[in-house]
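The values are calculated or read from the model by the stated rules, or taken from the named source; none is laboratory data. No experiment lies behind these values; they were computed from the predicted model shown. Methodologically, a virtual Cβ is constructed for each residue, glycine included, from the backbone with ideal geometry; neighbour enumeration extends over all protein chains shown. Ligands, DNA and RNA are excluded from the accessible area calculation, which covers all protein heavy atoms including side chains. Shrake-Rupley method; radii C 1.70, N 1.55, O 1.52, S 1.80 Å.
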Amino acid sequence: KYTFGGCGKCNSCRYMISGSHPDYKEALLQESDKTIKTDTIRNLICSDIILLPQISDKKVYFIDGDFLNEQSQNAILKTTEEIPEYAVLIIAVSSLQSLLPTLISRLVPINFKRYTRDEINRILIDKKALSTSNANYYANLADGIPGLALKLSDNILLLQAREYINNMLFNLGRISKSELLTEYYKYFDENKDY
């Protein structure tokens with residue numbers, strides 16, 4: 001059975017299930033990139049939005065706004081000034097602070113309630129079979145966003161860094177200043193990008 005009113009049988013449903021709906025576009029972060037490129041926004045959205053929908057009444061564009069840089073946001077800004085009636089632009093962000101004020105002023109923010117730490121713990125334990133301690137750690141870092149918690153839980157380096165830093169803090173009273181400024185400083189210097 002399909003949720004959100006989808007029948008699973010009509011052309012629109014079949015296109016969505018197959019990932020080839022001509023009136024639905026997604027601008028997501030590519031695996032090799034750090035941000036969604038401006039050219040991607042221009043080609044996928046700005047140049048496409050002027051075309052009428054092909055099989056639906058509306059065209060829908062979904063953008064992962066957490067990965068938009070300033071140039072990409074400015075490219076969308078021009079589009080939002082005169083968006084056609086048949087187009088719906090959804091920009092999902094974990095925080096409005098990641099968007100430019102000029103872009104926010106042209107959008108209608110819809111805030112969703114964040115998950116509690118206990119809810120995220122349950123998700124992590126059920127889906128990733130994590131210990132309660134590790135689930136708590138990722139739930140705290142995710143700040144109420146389950147997708148982020150799941151993504152963070154795939155990163156083993158976070159647990160290693162946590163263990164290293166906890167060990168350092170536990171032994172802080174027994175560490176000499178020279179050891180702190182050499183060995184421990186070296187760890188943070190080597191991992192500063194991470």
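Some values worked out for this structure:
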| read-out | value |
| --- | --- |
| Accessible-area composition of the chain, carbon plus sulfur, in percent [1.4 Å probe] | 54 percent |
| GNM flexibility winner over the chain from 179, 31, 81 (Cα, springs under 10 Å) | 179 |
| The stretch 28-36 - phi-based ³J(HN,Hα) in whole Hz, Karplus 6.51/-1.76/1.60, Gly and Pro as x | 10, 5, 7, 4, 8, 9, 9, 9, 7 |
| Solvent-accessible ranking of 16, 168, largest area first, probe 1.4 Å | 16, 168 |
| Cα-based shape type of the stretch 1-66, given that a ≥ b ≥ c are square roots of the gyration tensor eigenvalues and the cut on a/c is 1.5 | oblate |
| Across 34/177; 34/186; 58/78, pairs whose alpha-carbon gap is larger than 28 Å | 34/177 |
| Cβ-derived FRET efficiency at R0 22 Å, residue 132 paired with residue 165, nearest 0.05 | 0.65 |
| Loop trypsin sites (Lys or Arg not before Pro), the stretch 75-113 (other Cβ atoms within 10 Å of the site Cβ: 10 or fewer; DSSP) | 113 |
| Expected 222 nm ellipticity per residue - DSSP helices of 4 or more, -39500 (n - 2.57), all of the chain, to 500 | -11500 deg cm²/dmol |
| Gained length - residue 94 relative to residue 42, 0.36 nm times residue gap less alpha-carbon distance | 16.4 nm |
| Shape call, the stretch 55-165: gyration tensor on alpha carbons, a/c limit 1.5 | prolate |
| Crossing angle, helix 117-128 versus the chain [Cα axis fit, 0-90 degrees, rounded to tens] | 90 degrees |
| Cα-projected label distance for residue 34 with residue 176, points at 7 Å along beta-carbon direction, nm | 3.8 nm |
| Listed residues 41, 110, 63, most fluctuating in the chain (Gaussian network, C-alpha, under 10 Å) | 110 |
| Label point distance in nm, residue 55-residue 104, each placed 7 Å from Cα along Cα→Cβ | 3.9 nm |
